[in-house]
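The values are calculated or read from the model by the stated rules, or taken from the named source; none is laboratory data. Note that the coordinates shown come from a computational prediction; the quantities given were computed from them, not determined experimentally. Cβ: placed from backbone, ideal geometry, glycine included. Neighbour counts: every protein chain shown.
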Amino acid sequence: MAVTVKTFANASEAAGALSSDRSARYLGGGTLVMRALNEGDVSISTIVRAQDQALTRIEASGPRITIGAGVTFARVLAERDLAFLHAPARSIGGPAVRNMGTVGGNLFAPNPYGDFTVALLALDATIAVQGGFGSRDIPIEEFLQGRERQAGTLVLSVSCTRPASSEAFRYRKIARIKPKGGSVITVAAHLPVSGGRIAGARIALGSMAPTQIRARAAERALEGRSLDAATIAAAAAAATEGTSPSDNALGSAWYRREIVGVHLRRLLSGQE
Amino acid sequence: MTKIPLQFRHNGRDVAIFVDGGTNLLVALRELIGDMTPKFGCGQGGCGTCSVLIDGELHLSCLTLAETVAGRSVETLDGMKQGPNLHPLQRAFADNFAAQCGYCTPGMLMAAKALLDRNPSPSRTEVIEAISGNICRCTGYEPIINAILAAAGGRASA
């Protein structure tokens, strides 16, 4: 069952082809779309590709970093200026998957995948997308909420502000298989500190809802406080609020609810 | 549906084939070129037995759209032996009992080659990381890890 492959020199042409054909899917690294074809997904009749160098560009020298949607996790790991994103990049797949899978594709990866997106959600990333009528920037939360409707748009890049210190951004993925495996849960925390108090905390969770979500109650427990044991306990106790995890082969919904607070506490206390 | 012409280097030799749109590299290698060394395992990126090197980089051939390798160099296990002699990694796998059923072995060897090509003396941890995308259900991994370390320089018990 052959599909039509359309390859374009630039991203805007590819976006045009994508927006005008409901059965078209954009092929990035192949770890999602080729997998769907291997599984016999007949909803895909056209594959759209773009060989646009803008999609594989990394701008990481300044305080605000931008990563092209086509940048692979192997390239993120090779970029010293993106050290704060190395832990999430390293937690994905084995070497072959990291050589193929892209930052843009990860935004569409369903549970138990999409770990890099958990980090980007905690970092309040902005997603640049191109539709049939031009490009625009979407906050990552809004992007994820409407992810099913984003099929006709092409993600160009993601950008976020570099955390102030290595302490300010923390990431942990719980997997049954080490060092590689699908996520039981994934937790990322951005904890900017102003005058000894947390200002603008963002906690993001993977595998705790149909898409990556923020743990807003936990964020509220941290806001304006110093990161002491009582604050951490309050945040951990609030971690499940608003979550709706599912059962899958890696863990049950019950188990995920049981452990999310434990791992958030460990993450916030700096424990291994 | 029209066929797409595709040329690339396969184990150092230029090949030209016609593929259907959407054909993956694994199917192209096995069914159109006749190189049966990369195996089909899961088709999902979970098992690693279809691993090949594309321009020296480890990739999963079952998740690679065949036409994306146009003009590039694809290495498979079939190209690993040097004339009548086994590659040092193949020799080490045999000596260390690193293959039982053998289904994962092509992918394991390509993952190991990708590691040793850029890091000739890896640590045990680096070896484990390098084969972390490859599943073996027979050996329990230890003989494979030891074989790769042995091939890297006789540090099998490191």
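Key figures
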{"item": "Test: residue in the range B:103-114 that is closer than 22 Å to residue B:79 by Cα and surrounded by fewer than 22 Cβ atoms within 10 Å (Cβ to Cβ)", "result": "yes"}
{"item": "Every pair of residues 6+ apart whose Cβ atoms lie under 7 Å, when the first sits in the range B:1-26 and is crowded, with 17+ Cβ neighbours inside 10 Å while the second is assigned to a strand (DSSP E or B) and charged (D, E, K, R)", "result": "B:11/B:75"}
{"item": "Members of the range B:134-144 that are surrounded by 13 or more Cβ atoms within 10 Å (Cβ to Cβ), out of contact with any strand residue (DSSP E or B) (no Cβ under 9 Å at 6 or more places or on another chain), in contact (Cβ under 8 Å) with a residue 24 or more places away in the chain and outside any helix (DSSP H, G or I)", "result": "B:135, B:136, B:138, B:139"}
{"item": "Given (1) in contact with a Ser or Thr (Cβ under 6 Å, 6 or more places away or on another chain); (2) away from chain B (no Cβ under 13 Å), number of the condition residue A:87 does not satisfy", "result": "(1)"}
{"item": "Residue check, residue A:92 surrounded by fewer than 19 Cβ atoms within 10 Å (Cβ to Cβ), of a type in the set (A, V, I, L, M, F, W, C) and over 15 Å from residue A:14 (Cβ atoms)", "result": "no"}
{"item": "Subset of the range A:169-184 [outside any strand (DSSP E or B) and not hydrophobic (A, V, I, L, M, F, W, C)]", "result": "A:176, A:178, A:179, A:180, A:181, A:182"}
{"item": "Conditions (1) under 14 Å from the mean Cα position of the chain (by Cα); (2) modelled with pLDDT of 95 or more; (3) more than 10 Å from chain A (Cβ to nearest Cβ); number of the one not met by residue B:61", "result": "(3)"}
{"item": "Residue check, residue B:125 among the β-branched types (Val, Ile, Thr), surrounded by fewer than 20 Cβ atoms within 10 Å (Cβ to Cβ) and outside the structural domain of residue B:14 (by TED's automatic domain parsing)", "result": "yes"}
{"item": "Selection status of residue A:101, surrounded by 21 or more Cβ atoms within 10 Å (Cβ to Cβ), on the phi < 0 side of the Ramachandran plot and within 11 Å of chain B (Cβ to nearest Cβ)", "result": "yes"}
{"item": "The one condition in (1) within 14 Å of chain A (Cβ to nearest Cβ); (2) over 17 Å from residue A:31 (Cβ atoms); (3) of a type outside the set (Val, Ile, Thr) that residue B:41 fails to fulfil", "result": "(2)"}
{"item": "Candidate set from the range A:1-58 (those that are without any contact (Cβ under 8 Å) to a residue 12 or more places away in the chain and surrounded by fewer than 21 Cβ atoms within 10 Å (Cβ to Cβ)); member that is nearest to residue B:26 (Cα to Cα)", "result": "A:38"}
{"item": "Near pairs, Cβ below 6 angstrom, 6+ apart or cross-chain, from the range B:104-133 (within 8 Å of chain A (Cβ to nearest Cβ) and within 17 Å of residue B:87 (Cβ to Cβ)) to any residue that is among the β-branched types (Val, Ile, Thr) and surrounded by 22 or more Cβ atoms within 10 Å (Cβ to Cβ)", "result": "B:111/B:131"}
{"item": "Test for residue A:166: is it in contact (Cβ under 8 Å) with a residue 24 or more places away in the chain, over 30 Å from residue B:137 (Cβ atoms) and either of a type in the set (D, E, K, R) or assigned to a strand (DSSP E or B) (or both)", "result": "no"}
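Yes/no matrix, rows are residues, columns are (1) under 19 Å from the mean Cα position of the chain (by Cα); (2) of a type in the set (D, E, K, R); (3) more than 29 Å from residue A:97 (Cα to Cα); (4) assigned by TED's automatic domain parsing to the domain that holds residue A:69:
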residue	(1), (2), (3), (4)
A:134	no, no, yes, yes
A:157	yes, no, no, yes
A:173	yes, yes, no, no
A:183	yes, no, no, no
A:192	no, no, yes, no
A:202	yes, yes, no, no
A:213	yes, no, no, no
